[in-house]
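The values are calculated or read from the model by the stated rules, or taken from the named source; none is laboratory data. Remember, predicted model here, so these are calculated numbers, not experimental data. Positions of Cβ are generated from backbone atoms using ideal geometry, with glycine treated the same way; all protein chains shown enter the neighbour counts.
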Amino acid sequence: MLKSSSRFVATATSGVITLRQKLDHETKDFYNITIAARDLGSPALSGYTSLLVTVSDVDDNAPVFHEDKYAASLLENATAGTFVAQVNATDMDADEAHKTVYYSIDGGNYERKFVIGELNGTVYLNWSGDGLDREKVPEYTLTVAAISRVNNTEQKSTVLVSTEGVIS
Ligand SMILES: [Ca+2]
Ligand SMILES: [Ca+2]
């Protein structure tokens, strides 16, 4: 017979303890379960023991972006290396390998004018050809992804980059 936890259940006569509800390391990572054994005597005599259960972490959470949308504005004479935007996502998992977030640009990166820091989420300008041209591309809509790599779960967000003309 079990006391103090309903997530675990014991079979009355065999002493086999089974799980009847899903565990989550981020909610509760340790259980101390008291198990009672009772005989059928009158009066019944009981003995108690403890079962200590440690719940280890798995990569069950995907990163979550702090914003659904980010916006940035650049002068069209901005040069390679110019800061564009900082995106951030947080992963609820506990283990370092499970909570490390990797960033990538998944779409909208016309002529590969933008790069993102894989680990820091910093978006900046980077190209080797022509600079920005407001008349040609007034606005970029970048799709950025935050990825948790063990289970490869990801979430996406958008960075809207508008280009401002320079009076020359
Ligand atoms: Ca994760
Ligand atoms: Ca987890």
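Has region 73-92 got any residue that is among the charged types (D, E, K, R), out of contact with any strand residue (DSSP E or B) (no Cβ under 9 Å at 6 or more places or on another chain) and within 16 Å of ligand 2 (Cβ to nearest atom)? No: region 73-92 contains no residue that is among the charged types (D, E, K, R), out of contact with any strand residue (DSSP E or B) (no Cβ under 9 Å at 6 or more places or on another chain) and within 16 Å of ligand 2 (Cβ to nearest atom).
Report yes if some residue within region 109-118 is within 16 Å of ligand 1 (Cβ to nearest atom), farther than 30 Å from Ala10 by Cα, out of contact with any Gly (no Cβ under 6 Å at 6 or more places or on another chain) and of a type in the set (Val, Ile, Thr); otherwise report no. Within region 109-118, none of the residues are within 16 Å of ligand 1 (Cβ to nearest atom), farther than 30 Å from Ala10 by Cα, out of contact with any Gly (no Cβ under 6 Å at 6 or more places or on another chain) and of a type in the set (Val, Ile, Thr).
Is it the case that region 61-76 has a residue that's in the same structural domain as Thr122 (by TED's automatic domain parsing), hydroxyl-bearing (Ser, Thr, Tyr) and either in a loop (DSSP other than H, G, I, E, B) or under 28 Å from Val123 (Cβ atoms) (or both)? Yes. Within region 144-168, the residues that satisfy the criterion of being free of Cβ contacts under 8 Å to residues at least 40 places away in the same chain and more than 30 Å from Val58 (Cβ to Cβ) are Ile167, Ser168.
Residue check: is Gly81 assigned by TED's automatic domain parsing to the domain that holds Leu160 and not in a strand (DSSP E or B)? Talk me through it step by step, then tell me what you get.
Details: assigned by TED's automatic domain parsing to the domain that holds Leu160: yes; not in a strand (DSSP E or B): yes.
Against the criterion (assigned by TED's automatic domain parsing to the domain that holds Leu160 and not in a strand (DSSP E or B)), Gly81 qualifies.
Has region 133-143 got any residue that is touching a residue at least 40 places away in the same chain (Cβ under 8 Å), surrounded by 14 or more Cβ atoms within 10 Å (Cβ to Cβ) and within 29 Å of Glu26 (Cα to Cα)? First the steps, then the outcome.
Step one: filter region 133-143 for residues touching a residue at least 40 places away in the same chain (Cβ under 8 Å), giving 133-134.
Now restrict to residues that are surrounded by 14 or more Cβ atoms within 10 Å (Cβ to Cβ): 134.
So of that shortlist, the ones also within 29 Å of Glu26 (Cα to Cα) come out as none.
For region 133-143, residues touching a residue at least 40 places away in the same chain (Cβ under 8 Å), surrounded by 14 or more Cβ atoms within 10 Å (Cβ to Cβ) and within 29 Å of Glu26 (Cα to Cα): absent.
From the list Val87, Val53, the one residue that fits, being farther than 30 Å from Tyr140 by Cβ, surrounded by 14 or more Cβ atoms within 10 Å (Cβ to Cβ) and either among the β-branched types (Val, Ile, Thr) or more than 22 Å from the chain's Cα centre (by Cα) (or both), is Val53.
Conditions (1) of a type in the set (Lys, Arg); (2) assigned to a strand (DSSP E or B); (3) surrounded by 14 or more Cβ atoms within 10 Å (Cβ to Cβ); (4) in the same structural domain as Asp93 (by TED's automatic domain parsing), marked per residue:
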| site | (1), (2), (3), (4) |
| --- | --- |
| Ser14 | no, no, no, no |
| Lys22 | yes, no, no, no |
| His25 | no, no, yes, no |
| Thr34 | no, yes, no, no |
| Tyr48 | no, yes, no, no |
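Got a sec? Which of Glu154, Glu118, Glu135 is of a type in the set (Asp, Glu), assigned to a loop (DSSP other than H, G, I, E, B) and within 20 Å of Asn88 (Cα to Cα)? Let's see the steps before the verdict.
Values: Glu154 fails: assigned to a loop (DSSP other than H, G, I, E, B); Glu135 fails: within 20 Å of Asn88 (Cα to Cα).
Matching residue, one of Glu154, Glu118, Glu135: Glu118.
Residues in region 69-88 include at least one that is of a type in the set (A, V, I, L, M, F, W, C), touching a Gly at 6+ places or on another chain (Cβ under 7 Å) and closer than 28 Å to Thr153 by Cβ.
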